[in-house]
Amino acid sequence: MHALIVVDIQNDFCPGGALAVAEGDQIVPLVNAMMGDFDAVILTQDWHPADHSSFASQHAGKGPFELTEMPYGPQVLWPDHCVQGTEGAAFHADLDVDRADLIVRKGFRRPIDSYSAFFENDHETPTGLEGYCTSRGITDLTFVGLATDYCVAYSALDAASRGFRATVALEACRAIDLDGSLAEALTKLQAAGVTLTGAPNAIA
Ligand code: VGL
Ligand code: ZN
């Protein structure tokens with residue numbers, strides 16, 4: 001069983017959104033077309049409370065894209081984005097959400113961010129996705145979506161570490177590329193045995 005995992009194709013990660021990824025919206029037709037090629041389609045949705053600790057606005061004297069230290073390790077501070085129930089947190093209007101078997105929400109606990117679809121940023125607290133995949137007999141996972149170097153990469157790395165055969169279809173991803181984060185993510189994915197297809201689409 002092979003599942004397509006569609007990561008965070010939400011308004012705030014598309015042009016005009018609060019944490020816009022360049023060309024983030026351009027992958028939508030390709031992702032929709034891919035859905036029919038898989039045994040299961042799973043969407044993830046970044047889903048933060050308004051006072052989430054990953055927001056720079058919650059840290060006096062800090063600005064977006066600065067680093068801070070959290071109890072679980074270093075954390076990039078982001079502009080407020082994907083606040084629960086807002087238009088920014090909604091899926092891109094053209095994404096074929098009706099095809100999804102499951103929607104996994106993540107980042108809903110104030111003190112901890114969650115890039116990965118499997119574990120929060122402490123690399124310990126599970127989202128439940130592993131159990132879902134295992135109990136459905138899903139062994140292979142292909143990742144697409146936003147952003148290549150954060151939520152897509154962290155999800156694929158965790159998938160590989162949990163024993164899934166993992167692929168990232170780079171042609172259906174776009175990156176934030178903050179301080180070399182895309183190159184770093186690609187190196188880690190290759191080292192972890194994640195299959196990469198397509199070109200990385202860095203907007204340098
Ligand atoms: C993401 C930064 C903050 C992502 C989510 O979907 O890659 N990046 N929250
Ligand atoms: Zn987020």
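Observations, loosely collected:
- Residues whose placed amide H lies under 5 Å from that of residue 10, excluding near-sequence neighbours: 92
- In a simple Cβ point-charge model (Lys, Arg +1; Asp, Glu -1; nothing else charged), the chain has a dipole of about 360 debye relative to its Cα centre.
- Excluding ligands, DNA and RNA, the accessible surface per residue across region 1-61 is 34 Å² with a 1.4 Å probe.
- Considering region 1-111, its Cα convex hull presents a mean projected area of 7.7 nm².
- Equivalent ellipsoid of the chain: semi-axes from √(5λ) of the C-alpha gyration tensor, largest first, are 24, 18, 17 Å.
- Protection-proxy order for peptides 173-179, 95-101, 109-115, each taking the mean of Cβ atoms within 10 Å per residue, highest first: 173-179, 109-115, 95-101
- Where labels lie 7 Å past Cα in the beta-carbon direction, separation of residue 86 and residue 122 in nm: 2.6
- Prolate/oblate/rounded label for region 30-77 (Cα gyration tensor, a/c 1.5): prolate
- Between helix 181-191 and the chain there is an angle of about 40 degrees, using the helix long axis and the longest principal axis of the Cα atoms.
- Per-atom-type breakdown for region 47-204 gives carbon and sulfur 52% of the accessible area (1.4 Å probe, protein chains only).
- Rounded if a/c under 1.5, otherwise prolate or oblate - region 1-59, Cα gyration tensor axes: oblate
- Summary of the geometry: region 145-172 and region 81-143, compared by the centres of their Cα atoms, lie 12 Å apart.
- Here the Karplus curve 6.51 cos²θ - 1.76 cosθ + 1.60, taken at θ = phi - 60°, turns the phi angles of region 148-153 into couplings of 2, 8, 10, 5, 5, 5 Hz, with x standing for Gly and Pro.
- Think of the chain as having a plus end and a minus end, set by charges on the Cβ of Lys, Arg, Asp and Glu; of 24, 199, 104, 104 sits farthest toward the positive end of this dipole.
- Taking every protein chain into account, the accessible area of region 74-167 amounts to 41 square angstrom per residue (probe 1.4 Å).
- Cα gyration tensor category, rounded, prolate or oblate, for region 52-173 with a/c compared to 1.5: prolate
- Other-chain or far-sequence residues with amide H under 5 Å of residue 173's (modelled H): 145
- Of the residues 95, 147, 123, the one whose Cα sits farthest toward the positive end of the charge dipole of region 82-204, with +1 on the Cβ of Lys and Arg and -1 on the Cβ of Asp and Glu, is 123.
The values are calculated or read from the model by the stated rules, or taken from the named source; none is laboratory data. Computed from a predicted model, the values in this text were never measured in an experiment. Cβ coordinates were reconstructed from backbone atoms using ideal geometry, including for glycine residues, and neighbour counts include every protein chain displayed. Surface areas here come from the heavy atoms of the whole protein model, side chains and all, with no ligands, DNA or RNA. Shrake-Rupley method; radii C 1.70, N 1.55, O 1.52, S 1.80 Å.
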